[in-house]
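Peer 1: I have a structure here, written as structure tokens, and I will follow up with some questions on it.
What follows is calculated from the coordinates using simple rules that are stated; it is not laboratory data. Predicted model, so just to flag it, every value in this text is computed and none were measured. Using ideal geometry, Cβ is built from the backbone for each residue, glycine included, and neighbour counts are taken over all protein chains shown.
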Amino acid sequence: MTNRTTASDADVDAFIDAVSDPVRREDARAVRALYERVSGEPARMWGSSIVGCGEYAYRASGKDQRMCSIGFSPRKAETVLYLAQDFPGKTDLLAQLGPHRTGVGCVYVKRLDKIDAGVLERLVAAAFAALQATG
């Protein structure tokens, strides 16, 4: 199976500008700025709907793959944050974050103004550091 979530040269600004919900669009701009600050790298499009920073290698289905170290996608109902599945402090940070739900390697947030921005930054930084440490 081909990995459809690969880095592209698509315009991140155009993608974010096309988000129809104004709150979700502003949240996307804020998350992008946070991710770029934490990673020290420019945001890139990964596939058609994920904005991400950094890059790491992994092996899936017997194939070497690459993915953004930290990513997000402004979906219709909420913003999805793509973070490492497990890293030191994750459980404690999520407990302090504010309203959210989780999935495997994902944190779903309806509105950034309802969560603790400082905790979010520490969460993203810890996730990024964990993946950078593994290569």
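Peer 1: From the list L131, L112, L94, L123, which residue is closer than 25 Å to S20 by Cβ and touching a residue at least 12 places away in the same chain (Cβ under 8 Å)?
Peer 2: L112
Peer 1: Would the range 60-71 turn up any residue that is under 18 Å from V104 (Cα atoms), free of Cβ contacts under 8 Å to residues at least 40 places away in the same chain and buried (at least 21 other Cβ atoms within 10 Å of the Cβ)?
Peer 2: Yes - at least one qualifying residue is present in the range 60-71.
Peer 1: Might you check whether a residue that is among the basic types (K, R), surrounded by 12 or more Cβ atoms within 10 Å (Cβ to Cβ) and within 18 Å of P74 (Cα to Cα) occurs anywhere in the range 90-103? First the steps, then the outcome.
Peer 2: Within the range 90-103, the first condition is being among the basic types (K, R), and the residues that meet it are 90, 101.
Next, from what is left, pick out any that are surrounded by 12 or more Cβ atoms within 10 Å (Cβ to Cβ): 90.
Right, trim to within 18 Å of P74 (Cα to Cα) and you get none.
No, the conditions are met nowhere in the range 90-103.
Peer 1: Going through A30, A84, A43 one at a time, which residue ends up being under 13 Å from A127 (Cα atoms), surrounded by 13 or more Cβ atoms within 10 Å (Cβ to Cβ), in contact (Cβ under 8 Å) with a residue 12 or more places away in the chain and among the aliphatic types (A, V, I, L, M)? Please lay out each step first, then the result.
Peer 2: Values: A30 fails: under 13 Å from A127 (Cα atoms); A43 fails: under 13 Å from A127 (Cα atoms).
Within the list A30, A84, A43, the selection yields A84.
Peer 1: Name the one entry in Y58, Y82, Y108 that is among the aromatic types (F, W, Y) and touching an Asp or Glu at 6+ places or on another chain (Cβ under 7 Å).
Peer 2: Y108
Peer 1: Quick one: is G105 under 12 Å from the mean Cα position of the chain (by Cα) and closer than 25 Å to D9 by Cα?
Peer 2: yes
Peer 1: While we're on this one: For the range 111-128, how many residues are assigned to a loop (DSSP other than H, G, I, E, B) and either within 14 Å of the chain's Cα centre (by Cα) or aliphatic (A, V, I, L, M) (or both)?
Peer 2: Final tally of qualifying residues: 1.
Peer 1: For the range 48-59, enumerate the residues that are free of Cβ contacts under 8 Å to residues at least 60 places away in the same chain and crowded, with 18+ Cβ neighbours inside 10 Å.
Peer 2: Matches in the range 48-59: I50, V51, G52.
Peer 1: Turning to a different aspect of this structure: Name every residue in the range 104-123 that is touching a Leu at 6+ places or on another chain (Cβ under 6 Å) and crowded, with 19+ Cβ neighbours inside 10 Å, in order of residue number.
Peer 2: The answer is V107, L123.
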